[in-house]
1. Restricting attention to region B:125-138, does a residue exist that is within 10 Å of chain A (Cβ to nearest Cβ), in contact with a helix residue (DSSP H, G or I) (Cβ under 8 Å, 6 or more places away or on another chain) and buried (at least 18 other Cβ atoms within 10 Å of the Cβ)?
2. Regarding residue B:36, is this residue in contact with a helix residue (DSSP H, G or I) (Cβ under 7 Å, 6 or more places away or on another chain), farther than 22 Å from residue B:135 by Cβ and loosely packed, with under 15 Cβ neighbours inside 10 Å?
3. If the requirement is being free of Cβ contacts under 8 Å to residues at least 12 places away in the same chain, farther than 21 Å from residue B:199 by Cβ, open to solvent by 50 Å² or more (accessible area, probe 1.4 Å) and not acidic (Asp, Glu), which of these qualifies: A:138, A:133, A:84?
4. I need every pair where a residue in region B:168-182 that is more than 10 Å from every other protein chain (Cβ to nearest Cβ) and closer than 19 Å to residue B:158 by Cα has its Cβ under 6 Å from the Cβ of a residue that is exposed (fewer than 15 other Cβ atoms within 10 Å of the Cβ) and of a type outside the set (Gly, Ala, Ser), sequence separation at least 6 or different chains.
5. Taking residue B:81 as meeting all but one of (1) in contact with a helix residue (DSSP H, G or I) (Cβ under 8 Å, 6 or more places away or on another chain); (2) open to solvent by less than 70 Å² (accessible area, probe 1.4 Å), write down the number of the exception.
6. I'd like to know if region A:45-53 contains one or more residues that are among the aliphatic types (A, V, I, L, M), within 9 Å of another protein chain (Cβ to nearest Cβ) and either surrounded by fewer than 18 Cβ atoms within 10 Å (Cβ to Cβ) or over 16 Å from residue A:130 (Cβ atoms) (or both).
7. Yes or no: region B:56-67 includes at least one residue that is more than 23 Å from the chain's Cα centre (by Cα) and free of Cβ contacts under 8 Å to residues at least 24 places away in the same chain.
8. Check every one of the strands (runs of 3 or more DSSP E) wholly within region A:55-141 and list those with 2 or more residues that are under 24 Å from residue B:176 (Cα atoms).
Amino acid sequence: MAGNMPKRVKWRKAQKGRIKGNATRGNTVAYGDFGLQSLEPGRVTSRHIEAGRVAATHFLQREGRIYIRIFPHKPITKKPLEVRMGTGKGEVDIWTAEVKPGTVMFEVGGGVSEELAKAALLRVAHKLPVKTRFVARRHGL
Amino acid sequence: MEIANVKGEARTDHGRHANDRLRRRGMLPAVIYGHGEAPEGVALSRRDLEQALARLSHVIALECDGKATQYLIKDVQYDHLQKDPVHVDLMRVDPNERVHVKVTVELKGTPAGLKAGGELSQLITDLDVECRLLDIPSVIVVNVADLELNQAVRVRELQLPDGVKALADADATVAQVKLKRIVAEVAPSVPVEGAPAEPEVIGRVAKEETPGEKD
C-alpha cells in the first residue's frame, strides 16, 4: 500500500457511507494566499494527494509553500479478483479523504504571485478526481 | 476611508422564498441592527455591495427611499462555496463611536533577507483594531524592505493612523523572514523499508502477546 495513511486507527476497516451536504469547515483559504476548492463530493485517495503535491512542488521549484488541507482518514477495502462473494470483508486497498463541495484541498502561499499559484494549482487539479476552482484569500471585516 | 454608496430598499417580505426572489432580482437580503432599536429588514444592490467589499470598505452609505445613512458592515454570509454573498448584517453606528473591525495588512517591498536565502511569511493578514467609524483605514501597509534574515515585524512596531488602536497582542508577529525550509523531495514518497503497511489498531493486542492463547 503506497501513500499516506493514519499512524494509528481505532478500527481497521470502515463502512462505505455516503458523502452528503456541503463543507461547513475547511472551506476558506486559511494558511496560504490561494487555494484549490472542490466543487463536488468525492473520494480523494492518498495517491491523488501525493500526485498533486509532487506536481505543485515540481512546478513551483523552490518558490512559495504548499499546504495540503486534507488527509486520507478513510480505509477502502477491496476483494481480490476472481473471488466468490462471501467469506467476509476484503482487505484495505486504499486510503481516501472524503471531500465535500467547498472543501479547500490545497493552498499555495509564501509570496507567490497569483499567476504562478493559479498555474501550480491547475496542475494539481489535473491530478484530482473532483471538479475544482481556484480561490483567493478573502479579507476579514 | 472610502464610504461606498449602496442602493437599497425596505424589505417587508421575509423567509426563504421571498429572499430567493430578491436574489434573482440582483438584490441581497440584509438586516440592520444596533443601538437598542428594533432590527429592520432591507434589500441591498448586490453589485454595489460586491464593489464595496472589493474596495475593502467597512462602511456603506445606504441610499434607501431617497435618504442616505451610514452603516458598518458587520458580517457577510456566503454560499456553500464561499463565492456569492447571500445575506448581509449591517450595524447602526454613530460616526464618533469607536468600533472593533478587522483591517487588511498589506506587505510592501522585497525584504533584504530574501537574498540570504530567507523566506517571507505573513502571519497576520487581518489585524483587529479599535477606532472611530470614520477613521477606519482601508488597509495597513507594512514596509518589509528592511527585514533581514531572522527579523520580524511585531504589532507594536506598526505605524497605525491616528486614533487607531491595535487590539492584537503587541508582541504578535505580523511578518517575518526566516531561513527557507528546504523541500528537496519532489519525487513521490516511497514507503520506508521496515515501516508497517497498515496502521496500528488502537487497543488490539498482538496475537503472539495474548496471554493464554493456544496455537
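1. Checked region B:125-138: at least one residue is within 10 Å of chain A (Cβ to nearest Cβ), in contact with a helix residue (DSSP H, G or I) (Cβ under 8 Å, 6 or more places away or on another chain) and buried (at least 18 other Cβ atoms within 10 Å of the Cβ).
2. No, not satisfied.
3. Details: A:138 fails: free of Cβ contacts under 8 Å to residues at least 12 places away in the same chain; A:133 fails: free of Cβ contacts under 8 Å to residues at least 12 places away in the same chain.
So the residue among A:138, A:133, A:84 that is free of Cβ contacts under 8 Å to residues at least 12 places away in the same chain, farther than 21 Å from residue B:199 by Cβ, open to solvent by 50 Å² or more (accessible area, probe 1.4 Å) and not acidic (Asp, Glu) is A:84.
4. Once the first residue is more than 10 Å from every other protein chain (Cβ to nearest Cβ) and closer than 19 Å to residue B:158 by Cα and sits in region B:168-182, its partners that are exposed (fewer than 15 other Cβ atoms within 10 Å of the Cβ) and of a type outside the set (Gly, Ala, Ser) give B:170/B:156; B:173/B:123.
5. The single condition residue B:81 does not satisfy is (1).
6. Checking region A:45-53: not a single residue is among the aliphatic types (A, V, I, L, M), within 9 Å of another protein chain (Cβ to nearest Cβ) and either surrounded by fewer than 18 Cβ atoms within 10 Å (Cβ to Cβ) or over 16 Å from residue A:130 (Cβ atoms) (or both).
7. Within region B:56-67, one or more residues are more than 23 Å from the chain's Cα centre (by Cα) and free of Cβ contacts under 8 Å to residues at least 24 places away in the same chain.
8. So the answer is A:65-68, A:104-109.
The values are calculated or read from the model by the stated rules, or taken from the named source; none is laboratory data. Remember, it's a predicted structure, so these values are computed and weren't measured experimentally. All Cβ positions, glycine included, derive from the backbone under ideal geometry; neighbour counts span all protein chains shown. Calculation scope for accessible area: heavy atoms of the full protein, side chains included, ligands and nucleic acids excluded. Shrake-Rupley method; radii C 1.70, N 1.55, O 1.52, S 1.80 Å.
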